[in-house]
Amino acid sequence: MSKWVKIISIFILIGVMGYFFWPRKIISPLANVNFTEKSLEKYDFDSLAKEYGGVQDIAPVREIEILGNIPEIEKRSGVLSYARTNEIKFISDGKWVSGMINIPVGAQSIAPISVIIMIRGYAEKEGYYPGSGTWKVADELAKAGYATVSLDFLGYGNSDAESGDVLEARFHKVIEVLDLIESVKQLPWVDKSKIGIWAHSNGGQIALSVLEITGEKYPTVLWAPMTLAFPQSLIDTADEGEDRQKAINFVNLFNKYYDSRRYAFENYYEWINAPILIQQGTADMWVKVEWQQDVVNNLKLLNKDVELQIFDGADHNMRGKMGELWKEAVGKDMEFFSKFVLK
């Protein structure tokens, strides 16, 4: 019996030593990038503008597929009397992307009507459902008679998987919005000349990229857009300590193989032709008023049509005391879209 006790003790000792002394690799999401293959060159702004910008014909796209209802949305807002809410899916780069559509009651009988493209910000994948991050504002827009279309992005909702390369997954989000817009244009009841954009947080940066790449005049509302310059934003938004140093190393490696200026939206302001409304709260923990002021000043130097509205006490989601600031922000959005004849 003592022989077996000794053998077991040896295995336990080996296991303990292995745990503490065996070399272990720290796995970081920033490590999942192969820079040497130069596979990200197709995502720089000049390349995307050649494919999606101007008046050239874009490769044929399929019309959005309208699916069933979204139980999670109905639990929160109920069944709307003024619009029909459904899950959708569309093709982007050969992959299915899910999302949500609000179609005002009677829209097809009074077609063509205007559509607002809704672009959410950051979201956790756990507990995510189609329309997360946009459904509440989308409801208000639908109440005012606008059709709205939100996308979930690859890797979220019922979409296909996103790229394992973290930078490709980031850059590809712009393509997904570009493909969504083209798919929306295929809907027979949509007025192609009356398409607007509403975007929040990280979605705001994506929206600015879309405006630059296409050069289109899509009237655009941005809630607390993430407007830190790329790739410095990867460093500034990282946690202090080890994570920050990893981000610095990652950016240095990216700059070794790519010209980061060609991936940075702040270098292509001149391409913007759309009117823009930026709304920012002073109590936002993630985005600073000063960032938006810099963006607005730079756009105005180029004679772009841009306005900044600051909401004292509003957080990153435009919430303030008693929800009054959120309602005020949405009201300003309605005025903006109405002004630019979207309705």
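Between segment 193-224 and segment 268-343, what's the alpha-carbon centroid distance in Å?
12
Which trypsin sites (Lys or Arg not before Pro) in segment 117-165 sit in a loop by DSSP (not H, G, I, E or B) and have at most 14 other Cβ atoms within 10 Å of their own Cβ?
On the way: sites: Arg120, Lys125, Lys136, Lys143; in loops: Arg120, Lys125.
Sites meeting the loop and neighbour criteria: Lys125.
Return the lysines within reach of Lys256: Cα separation strictly under 22 angstrom, same-chain partners fewer than 8 residues apart disregarded; answer none if there are no such residues.
Lys38, Lys42, Lys246
Rank by packing, highest mean first: peptides 168-177, 65-74, with packing defined as the count of other Cβ atoms within 10 Å averaged across residues. Kindly include the intermediate steps, with their values, before the conclusion.
Numbers: 168-177: 20.7, 65-74: 14.7.
Going from most to least packed, we get 168-177, 65-74.
Run the simple label-point estimate for Lys300 and Val105 please: 7 Å along Cα→C-beta, distance reported in nm.
The modelled label-to-label distance comes out at 4.4 nm.
No value in this document is a laboratory result; all are computed from the given coordinates. Everything numeric in this text was worked out from a predicted model, so none of it was measured. So basically every Cβ, Gly included, is an ideal-geometry build from the backbone, and we count neighbours across all protein chains shown.
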